[in-house]
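The values are calculated or read from the model by the stated rules, or taken from the named source; none is laboratory data. All values reported here derive from a predicted model rather than from experimental measurement. Note that each Cβ is placed from the backbone with ideal geometry, even for glycine, and that neighbours are counted across all protein chains shown.
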Amino acid sequence: MDDKEIITSLYGNIDVAPCPFTTAERQELDQRGEMLVYLPAGIKPAEMCKRWGIRANIDFENEKMIRTVMNSEDQWFVTSKAKTPELIYHSAQAASRIYEDDGLHGMDMRRYLAFAATFRARFDALPDRLYWVFLHSGSYDRSGISIVGFDAHGVLNHHGWMKNFKAKFCGSRYVCIAPRIEVTLDTETLPRAYRARPGWQGQEATMDS
């Protein structure tokens, strides 16, 4: 299925915000091992799990400690389409610094659910089976971080954890937000951020020296 068909299969016949990634950026995704994900504004984790039949070990209706970001904006983002996370045995603190140096962001719960559903629609399989993934955007409780992953039974597991934790089964996933609100003649040449390509390209802001 193409992106439009996947969005319709996940969300129904909704009004989809224009994609802020250029045609050239979308065409290079497969070559770079990446995929495009759409997340409509306002949709909540409980609704997402119910809509897509995702079983979870957490009652999202009563969970008040998980905080998410950009809840009132439609989101298009690029992320890796690898079936397992990267930066294994890196703490959340170390992984966050790596992504920040690349001009990238992290997942939060809503982004992760949208990613998992899109991944399953594309590949007929769940990502991150028997792995944990740090959700770098958003937060858990006051200073904690969420970690999520699918167990051997296909159930989404969530736990609040410490940012300095690291393990051989725990990694991270990045999110690339487009460097523009919309594609225009003035914005289409703005460079997006790339994993493992540090530098000013793709940074959301900088200062003249």
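Structural remarks
- In the stretch 1-28, residue surrounded by the most Cβ atoms within 10 Å (Cβ to Cβ) [restricted to those that are more than 22 Å from Asn71 (Cα to Cα) and among the acidic types (Asp, Glu)]: Glu25
- Conditions (1) among the basic types (Lys, Arg); (2) loosely packed, with under 14 Cβ neighbours inside 10 Å; (3) at pLDDT 95 or above: number failed by Arg111: (2)
- Candidates Leu10, Leu87, Leu39 - the one that is in contact with a helix residue (DSSP H, G or I) (Cβ under 7 Å, 6 or more places away or on another chain) and over 20 Å from Arg120 (Cα atoms): Leu87
- Filtering the stretch 82-92 to residues that are surrounded by fewer than 16 Cβ atoms within 10 Å (Cβ to Cβ), more than 15 Å from the chain's Cα centre (by Cα) and at negative phi leaves nothing.
- The stretch 29-42, subset of a type in the set (A, V, I, L, M) and surrounded by fewer than 18 Cβ atoms within 10 Å (Cβ to Cβ), residue farthest from Ala17 (Cα to Cα): Leu29
- Filtering the stretch 67-100 to residues that are part of a helix (DSSP H, G or I) and either closer than 29 Å to Val16 by Cα or touching a Gly at 6+ places or on another chain (Cβ under 9 Å) (or both) leaves Ala92, Ala95, Ser96, Tyr99, Glu100.
- When the stretch 1-49 is limited to residues that are part of a helix (DSSP H, G or I) and hydroxyl-bearing (Ser, Thr, Tyr), the one that is farthest from Lys83 (Cα to Cα) turns out to be Thr23.
- Strands (runs of 3 or more DSSP E) lying entirely in the stretch 126-182 (those with 2 or more residues that are aliphatic (A, V, I, L, M)): 132-140, 144-150, 174-177
- Qualifying residue in the stretch 50-58 (condition: more than 19 Å from the chain's Cα centre (by Cα) and surrounded by 15 or more Cβ atoms within 10 Å (Cβ to Cβ)): yes
- Qualifying residues in the stretch 182-209 (those that are under 29 Å from Arg67 (Cα atoms) and either touching a Cys at 6+ places or on another chain (Cβ under 7 Å) or at pLDDT 95 or above (or both)) - the one surrounded by the fewest Cβ atoms within 10 Å (Cβ to Cβ): Glu182
- Arg97 being free of Cβ contacts under 8 Å to residues at least 12 places away in the same chain and of a type outside the set (Val, Ile, Thr): yes
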